[in-house]
Amino acid sequence: MMNDPKNTAPAAGPQMLGGKFSLTWHLLPWVLAIIFYFTAEGYLSLGTQAIIWVLFTMSLDLALGYAGIVTLGHAALFGFGAYCAGIFSIHVTGDPLTGLLVATVLTAALGFVTGILILHTTGVTFLMLTLAILSMLFEFANSAKWLTGGDDGLQGMSIDPLLGVFEFDFFGHTAYLYSLAILFIWFVIAWQIVHSPFGKSVDGIRQSPKRMRAIGTPVWWRLVAIYTISSAMAGSAGGLLAHSTQFVGLSALSLFTSGIVAVMLILGGTKRIYGAFIGAVIYVFVQDYTAKLNPHLWEFIIGGLLIAVVLFLEGGLISLVDKARDGLARLVGKGERS
Amino acid sequence: MSDPILSVRGLSKNFGALAVAQSIDLDLKPGDRVGLIGPNGAGKTTFVNLLTGVVKPDEGQILLKGQPIQSIRPELRVRRGLARTHQINTLLVESSARDNIAVAIAERSGYAWRMLNYKKQWRECLDEAQSMLADMGIAAIGDTEVRHLPYGEQRLLEIAIAMALKPQVLLLDEPGAGVPSTEAHVIHDALDRLPAEIAILLIEHDMDLVFKFAKEIVVLVQGAVLTQGHPDEIAADPEVRAVYLGRSRD
């Protein structure tokens, strides 16, 4: 039987950053990142790598998690951004912010153009096209030694001090805070986007393109738009990699890199911005810790984690955080989901 | 007599050797309530797909408010005032009922591209969506994820979404499909409450629903119009009876 029709006043809309309890959870990852900065002196380079992977994973979440664009070629955008930032620093200027902006804009342009070409297709065809673009870029970077250094990698980069003041030091203090600041900016943008009418429509396309066409949505253009934004974010992550390590290798453009970022996203949880934080951080630190014990153990551990998550935690590891938060919220009596 | 808001002239479509639409003519004027009936495979849903642009016609013309629309993309037809419901639900099952309508309102209002500074506009969309749910008599389901709704309420939601687009022509593709007969009156009541000025084409297998709702009925057989007229004439037409019940052996 149908429910009794009952007219009620509109309920409150989605909460953004409002509410003390919610704000606490929003602050948590950033506070932890700052605490890490002050307490993990010898691990800042590793922390920087984790931040870069978080940003890269978040970019995949926009495309795959929210828009349902299943791609194997996300490393193409990451690597392209990294090479852009690196080559720009060698041939134009070593200013990191200018280099990052250039890498971001050029990668967005690459995402826009490739998106226009391939987002007409779906399923396996689309998957193969993303793979083809990745392979083409990889081979180009491998062949154009004069520009990219080929399989020796891009060397000779020189990055100026950040804002003309903060040198990129050996211990990675500047790189860490620089990457964290860029991640924060992208996080705010991504959070706004996924909760916006645009984000809702993109999520609608993931659920039912047929429905969205029936309400007048230009499905293809909207997918191109979110793919372009996702590309810009991935390019930014690549740019940060180039600046923080002052080296870009062909591995940035490899299928393996695409695989790693997908594993991070699935581990953390798709369609949840914070899923990228959890998946990428756990992956990077588990890899680092277990690789010291045995060079191949980390693959075994990550593989086991992935199987466990896929089988038992549909929403990824972030669903454990949800449960913890809901439990705490019940105790406090005023919880809400971010 | 007002001019037709939707005119179809000589609309034809073949899938290989199979003719699914054969030179169909149809006029809908504002306020019309037309039922489109026919046996399974008659081409009713294909006809709706041709009108909405999901399927491209081989020949013929579709005029909406006097303008040809057969060459324009489906989403542009929607913006010009042509909305539809689907025979099989295509709702956003992971979203709330209210969000399902709100995204349609955002699309209609031009807010759907907004990524920043959208709270006020999205609030307006949600408020209007809630008001539409109330109009359909299902205000209480606003927060419920669609996958948890009973099928009958999903069908009502389909109609509410189409209405959120403020269409001038509404194509209802079997709105009662899958709804238990005990709840069919809810769909019928909802159809009765639709604004009088909208032109509606109803495709339905439930003859009770069609004959209560439609002021005129078109019978489609093998992609061609067999006959059309007042429901009483159609009910008495021996050709229509033969199509549905078969011919007697005499």
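Nothing in this text is a laboratory measurement; each read-out follows from the coordinates by a stated rule. None of the values given here were measured: they were computed from a predicted structure. Neighbour counts run over all protein chains shown; Cβ positions are idealised from the backbone, glycine included.
Using +1 at the Cβ of each Lys and Arg and -1 at the Cβ of each Asp and Glu in the range A:44-254, identify which of A:Ile69, A:Thr217, A:Leu154 lies farthest towards the dipole's positive end.
A:Thr217
Under the Karplus relation 6.51 cos²θ - 1.76 cosθ + 1.60, θ = phi - 60°, what is the ordered set of whole-Hz ³J(HN,Hα) values for the range A:221-238, x standing for Gly and Pro?
5, 5, 5, 4, 5, 5, 5, 5, 5, 4, 5, 4, 5, 5, x, 4, 4, x
For peptide A:215-228, what's the mean number of Cβ atoms from other chains within 10 Å of each residue's Cβ?
Per residue, the number of nearby Cβ atoms from other chains is 4 on average.
Given chain B, report the % of alpha carbon pairs whose separation exceeds 35 Å.
16 percent
Considering only C-alpha atoms, what is the centroid distance from the range B:37-63 to the range A:209-264, in Å?
Value for the Cα centre distance between the two parts: 39 Å.
Under 17 Å from the Cα of B:Lys215, which lysines turn up, not counting those fewer than eight places away in the same chain?
Straight-line reach from B:Lys215, under 17 Å: B:Lys29.
Once you've got the Cα coordinates, tell me which of B:Lys44/B:Lys166; B:Lys119/B:Lys166; A:Lys200/B:Lys65; B:Lys13/B:Lys65 are over 29 Å apart.
Pairs exceeding 29 Å: A:Lys200/B:Lys65.
At A:Phe170 and B:Arg193, where each label point lies 7 Å from the Cα along Cα→Cβ, what is the point-to-point distance in nanometres?
Between A:Phe170 and B:Arg193, the simple spin-label model gives 7.5 nm.
Can you tell me the 0 to 90 degree angle between the C-alpha axis of helix A:255-268 and the longest principal axis of chain A, rounded to 10?
On a 0 to 90 degree scale, this one is about 30.
Placing unit charges on C-beta atoms (Lys and Arg positive, Asp and Glu negative, everything else neutral), compute the dipole magnitude of chain B about its Cα centre in debye, rounded to 20.
Dipole size: approximately 860 debye.
Counting other beta carbons within 10 Å of each Cβ, put A:Phe168, A:Phe80, A:Phe247 in order, fewest first.
Arranged by neighbour count, lowest to highest, A:Phe168, A:Phe80, A:Phe247 become A:Phe247, A:Phe168, A:Phe80.
Using 7 Å Cα-to-Cβ label points, what is the A:Leu117/A:Ser135 separation (nm, one decimal)?
Taking the two extended label points, one gets 1.4 nm.
Take every residue in peptide B:133-141, count the Cβ atoms of other chains within 10 Å of its Cβ, and give the average of those counts.
If you average over the peptide's residues, the count of other-chain Cβ atoms is 5.
Show me, bin by bin at 10 Å from 0, the whole-percent P(r) of the range A:19-132 based on Cα pairs.
Pairs per bin, as whole percents: 12, 31, 31, 21, 5.
How charged is the neighbourhood of B:Ser2? Take every other residue with its Cβ under 12 Å from the Cβ of B:Ser2, and add Lys/Arg as +1 and Asp/Glu as -1.
Net charge around B:Ser2: -2.
What ³J(HN,Hα) values, in whole Hz, does the Karplus curve 6.51 cos²θ - 1.76 cosθ + 1.60 give for the range B:226-239 when θ = phi - 60°, with x put for Gly and Pro?
My calculation for the range B:226-239 gives 7, 6, 8, x, 5, x, 5, 5, 5, 4, 8, 6, x, 5 Hz in order.
Who wins for biggest fluctuation among A:Met264, A:Met58, A:Met212 in a Gaussian network model of chain A, springs between alpha carbons below 10 Å?
Among A:Met264, A:Met58, A:Met212, the largest mean-square fluctuation in the Gaussian network model of chain A belongs to A:Met212.
What 222 nm value per residue comes from the helices of the protein assembly as shown, counting each DSSP H run with n ≥ 4 as -39,500 (n - 2.57) and dividing by all residues, nearest 500 deg cm²/dmol?
-18000 deg cm²/dmol
I need the shape label for the range B:163-222. Rule: rounded when a/c is under 1.5, else prolate if a/b > b/c, else oblate, with a, b, c from the alpha carbon gyration tensor.
oblate
Nearest 10 degrees, 0 to 90: what angle lies between the long axis of helix A:74-91 and the longest principal axis of chain A (Cα atoms)?
The answer is roughly 40 degrees.
Would you mind checking the tilt of helix B:151-164 against the longest principal axis of the Cα atoms of chain B, expressed as 0 to 90 degrees and rounded to 10?
80 degrees
For the range A:33-50, just list the computed ³J(HN,Hα) in residue order, Karplus coefficients 6.51, -1.76 and 1.60, θ = phi - 60°, integers in Hz, with x standing in for Gly and Pro.
Coupling constants for the range A:33-50: 5, 6, 4, 4, 4, 8, 10, 10, 3, x, 10, 5, 5, 5, x, 5, 4, 4 Hz.
What is the Cα centroid distance between the range A:127-197 and the range B:139-169, reported in whole angstrom?
A separation of 45 Å, based on Cα centres.
Once you sort the root eigenvalues of the Cα gyration tensor of the protein assembly as shown as a ≥ b ≥ c, which label holds: rounded (a/c under 1.5), prolate (a/b larger than b/c) or oblate (the other case)?
prolate
Once amide H atoms are placed 1.01 Å from N in the peptide plane, what residues at a sequence separation of 5 or more from B:Leu6, or on another chain, have their amide H within under 5 Å of its amide H?
Excluding prolines and chain starts, which carry no amide H, the hits are B:Leu28, B:Lys65.
Around A:Leu64, under 15 Å between beta carbons, what's the net of Lys plus Arg minus Asp minus Glu among the other residues?
+1
Going by amide H atoms built from the backbone, whose H comes under 5 Å of the H on B:Ala21, apart from near neighbours?
Close amide H contacts, sequence-distant or interchain: B:Lys13.
Considering the convex hull of the alpha carbon atoms of the range A:44-254, report its projected area averaged over all viewing directions, in nm², one decimal.
11.1 nm²
Can you return the aspartates and glutamates within cross-link range of B:Lys212? Criterion is Cα-Cα under 19 Å, with same-chain partners fewer than 8 residues away left out.
Of all the aspartates and glutamates, those that pass the test against B:Lys212 - Cα under 19 Å, at least 8 places apart if same chain - are B:Asp32, B:Asp173, B:Glu174, B:Glu183, B:Asp189, B:Asp192, B:Glu197, B:Glu204, B:Asp232, B:Glu233, B:Asp237.
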